[in-house]
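Let me begin by presenting the structure, written as structure tokens, before commenting on it.
The values are calculated or read from the model by the stated rules, or taken from the named source; none is laboratory data. Note that the structure is predicted; figures quoted are calculated from it, not measured. Cβ placement follows ideal geometry from the backbone for every residue including glycine, while neighbour counts extend to all protein chains displayed. Each accessible area value is taken on the protein alone, full model and side chains, heavy atoms only, with ligands, DNA and RNA left out. Shrake-Rupley method; radii C 1.70, N 1.55, O 1.52, S 1.80 Å.
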Amino acid sequence: MATVRFTSALKRFLAAPPAEVAGATVGEALAAVFEARPALRGYVLDDQGALRRHVAVYIGGEAVRDRVKLSDPIGPEDDIYVFQALTGG
Amino acid sequence: MAERLYVGTRKGLFELAPDNGQWDIAATHFLGDPVSAVLAQGDTVYAALDLGHFGAKLWRRDGADSWQELAVPAFPPKPEDAADDPHPWSLGKIWVIEPGGVPGRLWAGTMPGGLFRSDDGGESWLLNEPLWFMPERRQWQGVAGGEQPGISSVLIDPRNPDDIRVGVSTAGVWASTDGGASWSIINEGMYNEYMPPEQKGLPIAQDIHRLARCAAHPEIVWCQHHNGVFRSEDRGHNWHEITAIRPSKFGFAVAAHPRDPDTAWFVPAVKDERRIPMDGKVVVARTRDGGRSFDVLRNGLPQRYAYDLVWRHALAIDASGERLALGSTSGGLWISEDCGDSWSAPEARLPPISVVRFASN
């Protein structure tokens, strides 16, 4: 099971605790999280299911390459980090 | 119902109430978050947020209850054959929320130009597909040179909830008389100075900054256009320019008197690359004779080195027609109880203001 961890910046809006989920890709892992927490989906993905422009996802210290279809493969021991790209002031 | 004014800013929503004859901040909400639209119907308040990282959000508060997050309008999956569509199929922000004239119904105007309807008080939203899938929609131009057009104004005829007009930056005025099942562009008589000569007068080339309608005489519609001020006496079909506007014809906001068809307010600024008040003085222009003449109102507004700009939704009037509120990009907030003759400011240094709105009954 991979672990998905979310930025603490989301705490202000809704609960987003770490989740252990199964899945072969980033997209599958996130979909498993959103199945349990549907309100979280719109904070991370846009209407077309792509990563929001100012949201970053890292697997084992590297940014995911496919931000549109979320097809980057993951392993069962991977830590997936979802956090905000720095913007604004 | 309590009198309330809601002020949406770059850094939160401020709720004001009258206190011994002076408006003051009674509560703060969503501190730190950009607010893009507000609607207050009685004790029910809707607040749209435009979160930099996490997208557009919508919250509702019923009476003394705490805020509850609602679904946001969402665009359908983008079809393969829409690859050349210049507009994103994803909600940018909610720009305006209006009551739909029947219980539970709301309309939301958005960037990138989608119009959405809710029939359950904002719990769920449906894209108006006839407008979005219309081939002409791909000709809509983005706001301020951006890629996203925006529906800034949604006018529902108080006598007929199926009669809808929307104002678009930049795509003119679109009308439906069948509840949104079909649409046509209706605005004749406007011109757009910055377009090539042969395109100046095209209805779709018109940058409608904001529309306002007289509630008691819905055939009267006022428009603050990118290139000037216009008035229509036939529900937005034919427009004539109001050249008497002073001190300048550029601006974003307009408010229409709820009962007097000849009275409206504007907030003129230096066009259009500069977007600052004329001579560093904040003024409101008011006509009481259908646009033939204007009073330039300045009593209580800053008159020295003031560079406050007032956005499309930051001038509001209440149902009395006497009380107005004005909010600026510099965080200036002024309220008038006498049709704009004099203005006073609550003690506060607010963030940049995007929207001001009185609670309606």
* To do: For the range A:36-49, state whether one or more residues are under 12 Å from the mean Cα position of the chain (by Cα) and on the phi > 0 side of the Ramachandran plot.
  => yes
* Asked: Looking at B:Trp95, is it at negative phi, aromatic (Phe, Trp, Tyr), crowded, with 16+ Cβ neighbours inside 10 Å and in contact (Cβ under 8 Å) with a residue 60 or more places away in the chain?
  -> yes
* Being over 16 Å from B:Ala17 (Cα atoms) and of a type in the set (Phe, Trp, Tyr), is that true of even one residue in the range B:308-316? -> yes
* To do: Mind checking which strands (runs of 3 or more DSSP E) fall wholly inside the range B:158-218 and carry at least 1 residues that are among the acidic types (Asp, Glu) and either within 27 Å of B:Arg259 (Cβ to Cβ) or open to solvent by less than 10 Å² (accessible area, probe 1.4 Å) (or both)?
  => B:160-169
* Inside the range B:182-200, can you point out the residues that are closer than 20 Å to B:Gly150 by Cα, of a type in the set (Gly, Ala, Ser) and in contact (Cβ under 8 Å) with a residue 12 or more places away in the chain? -> B:Ser182
* Does the range B:132-157 hold any residues that are touching a Ser or Thr at 6+ places or on another chain (Cβ under 8 Å) and open to solvent by less than 60 Å² (accessible area, probe 1.4 Å), and which are they? -> B:Trp140, B:Gly142, B:Val143, B:Pro149, B:Gly150, B:Ile151, B:Ser152
* Asked: Any residue at all in the range A:71-88 that is open to solvent by less than 60 Å² (accessible area, probe 1.4 Å), touching a helix residue (DSSP H, G or I) at 6+ places or on another chain (Cβ under 7 Å) and among the polar types (S, T, N, Q)?
  -> yes
* Filter result (at pLDDT 95 or above and among the basic types (Lys, Arg)) within the range B:156-200 -> B:Arg159, B:Arg165
* Structure fact -> Considering residues that are among the basic types (Lys, Arg) and within 11 Å of another protein chain (Cβ to nearest Cβ), the number found within the range B:57-79 is 2
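Looking only at the range B:88-111, how many residues end up being more than 12 Å from every other protein chain (Cβ to nearest Cβ) and part of a loop (DSSP other than H, G, I, E, B)?
6
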* Structure fact -> Scanning the range A:71-89 residue by residue, the ones that are modelled with pLDDT under 95 and in a strand (DSSP E or B) total 2
* **Positions within the range B:36-56 being within 14 Å of chain A (Cβ to nearest Cβ) and under 19 Å from the mean Cα position of the chain (by Cα), in sequence order** => B:Ala47, B:Ala48, B:Leu49, B:Asp50, B:Ala56
* To do: Restricting attention to the range B:35-71, report how many residues are open to solvent by less than 30 Å² (accessible area, probe 1.4 Å), in a loop (DSSP other than H, G, I, E, B) and of a type in the set (A, V, I, L, M, F, W, C).
  => 1
* To do: Among the residues of the range B:301-321, write down those that are open to solvent by less than 50 Å² (accessible area, probe 1.4 Å) and among the hydroxyl-bearing types (Ser, Thr, Tyr).
  => B:Ser320
* Kindly provide the set of residues from the range B:1-26 that are open to solvent by 30 Å² or more (accessible area, probe 1.4 Å) and among the hydrophobic types (A, V, I, L, M, F, W, C), ordered by number. => B:Met1, B:Ala2, B:Ile25, B:Ala26
